[in-house]
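Read the structure below first, then the notes.
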Amino acid sequence: MPKTTAHINDWKKAAVNSSANMKDVLMAISEGNMQIAVVVDDGCHLTGTVTDGDIRRALLRGDELDTTITSFMNDNPITGLLDEDESLWQRTMQRHTLRHLPLLDANGCVVGLARYEPPKEPSHDNPVVLMAGGLGTRLHPLTQSQPKPLLEVGSKPILETIIENFADHGFHNIYLCINYKGEMIKDYFGDGSRWNVKIEYIEEHKRMGTAGALSLLPKRPNTPFFVMNSDLLTKVDFVRLLRFHQKQAGSATLCTREYTHQIPYGVINLDGHEVVDMVEKPTHRFSVNAGIYVLEPHTLDDIPDDCFFDMPSLINTLLDNKKPVSSFPIHEYWIDIGRIQEFRKAREDYDENF
């Protein structure tokens, strides 16, 4: 059966024995240049895998370079069979969010690695507007010398990962709304050709808010368009989100996340001075705004010209005018990098999710 370049034959460069330590596996990952090491016994039977994410988590909990890899490897990895069709490998990797898949023969010996190749999405002309003009004050001192969208998570700027995600889903018309240190963003992304997208810039000469900047679009969209904050990392399926919006046939769709808050005390319900009941440490669940929207072109008519206007104000205006707004729940990975804590967590999560 013919194999494509997704089938990596030189997997032995990334192979280590289960007696190896963290330093050994770091060298194997570096030499193999695959961001993964396969752990095998003397007969090349697979006993586990180690990714750079596994190593990062081990270091964060205090493991040393001489720690044996059996203490932090994945000893039950997802695998494929060499005689399967390559499309099955790709489906398996997509379903389990894997970059590589060890391939085994009938005896359970490693005979190759498959590399994940995202399916080619059809092209979508729907515009994508990314809000990249914020001051990022909650991330000082990191944002004193560069804008928040250029902060690196996973060895690349946050905004680059966002643009790549949209490009992978087939969206190629990108608008970047810039203000604070906007020239640095323009210098980095240019016209977008490096990512096979077209990037145009909306320059805010004063703070316009997450909706007010839309009044500066050079031309009115004739299809539903995305609006997204540029400090979000998510694995949401943008095509699925667009199809959901179109099916709902409303004016806007906003993405939501479930947020839970546990009260650390017993809550007393009263009727006057009489205790009705007591609930011990109840958990309350809320749907919160995830900062990703799909809007119909006519919603631009509800945005005032040349003034600050944020997205919650637009949504409430639409609702006041009896224009339907839908909610699209996000169950995939999502993080809002608004504070130092989230920035650090995003760095920890990146390799596992992207």
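Read the figures in this text as sums done on the coordinates, not as results from a lab. Remember, it's a predicted structure, so these values are computed and weren't measured experimentally. Reconstructed Cβ throughout: ideal geometry from the backbone, glycine too, with neighbour counts over all protein chains shown.
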*asked:* Quick check: Cα centre of the stretch 250-285 to Cα centre of the stretch 79-95, how many Å?
replied: 44
*Just 175, 265, 333 to compare: in a GNM of the chain, with alpha carbon springs under 10 Å, which one fluctuates most?*
265
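Only loop residues by DSSP count here, and only those with at most 14 other Cβ atoms within 10 Å; note down the trypsin sites (Lys or Arg not before Pro) in the stretch 87-136 that meet that. Write out the running numbers ahead of the final one.
Numbers: sites: 91, 95, 99, 115, 120; in loops: 99, 120.
Listed in order of number, the matching sites are 120.
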_Can you give me the angle between helix 86-96 and the longest principal axis of the chain, using Cα atoms only, in degrees from 0 to 90, rounded to the nearest 10?_
60
*Under a GNM of the chain (C-alpha, springs under 10 Å), which listed residue has the highest mean-square fluctuation: 161, 67, 253?*
67
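Report the extension gain between residue 220 and residue 184 in nm, rounded to one decimal, defined as 0.36 nm multiplied by the number of residues separating them, less their alpha carbon distance. Walk me through the numbers on the way to the answer.
Details: separation 36, 0.36 × 36 = 12.96 nm, distance 2.68 nm.
Separation in residues times 0.36 nm, less the Cα-Cα distance, equals 10.3 nm.
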*Taking springs between alpha-carbon atoms closer than 10 angstrom, which of 209, 136, 62 fluctuates most in the Gaussian network model of the chain?*
62
*Computed label-point distance, nm, for sites residue 280 and residue 111 using a 7 Å Cα→Cβ extension*: 5.7
*Normalised by the number of residues in the stretch 38-124, what is the relative contact order in percent for Cα pairs under 8 Å and 6+ residues apart?*
26
*asked:* Which three numbers, in whole Å and largest first, are the semi-axes of the equivalent ellipsoid of the stretch 83-152 derived from its Cα gyration tensor as √(5λ)?
replied: 41, 19, 7
*Mind listing which GluC sites (Glu not before Pro) in the stretch 280-354 are in a DSSP loop and have 16 or fewer other Cβ atoms within 10 Å?*
332
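On a full-extension model of 0.36 nm per residue, what is the gain between residue 81 and residue 152, subtracting their alpha-carbon distance, rounded to one decimal in nm?
In short, 21.9 nm is gained.
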*Run through the DSSP bridge list for the chain and note the antiparallel percent, rounded to the nearest 5.*
60
*Relative to the first principal axis of the alpha-carbon coordinates of the chain, what is the inclination of helix 22-32, with its axis defined by its Cα atoms, in degrees from 0 to 90 and to the nearest 10?*
80
*Over all alpha-carbon pairs of the chain, lay out the pair-distance distribution in 20 Å bins, whole %, shortest bin first.*
25, 48, 26, 2
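Let's test the formula: R0 of 56 Å, r as the Cβ-Cβ distance of residue 123 and residue 17. What FRET efficiency results, to the nearest 0.05? Intermediate values should be presented prior to the final figure.
Details: r = 47 Å, r/R0 = 0.83.
So, using R0 = 56 Å, E works out to roughly 0.75.
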*asked:* Can you give me the distance in nm between label points at residue 320 and residue 307, each placed 7 Å from the Cα along the Cα-to-Cβ direction?
replied: 1.1
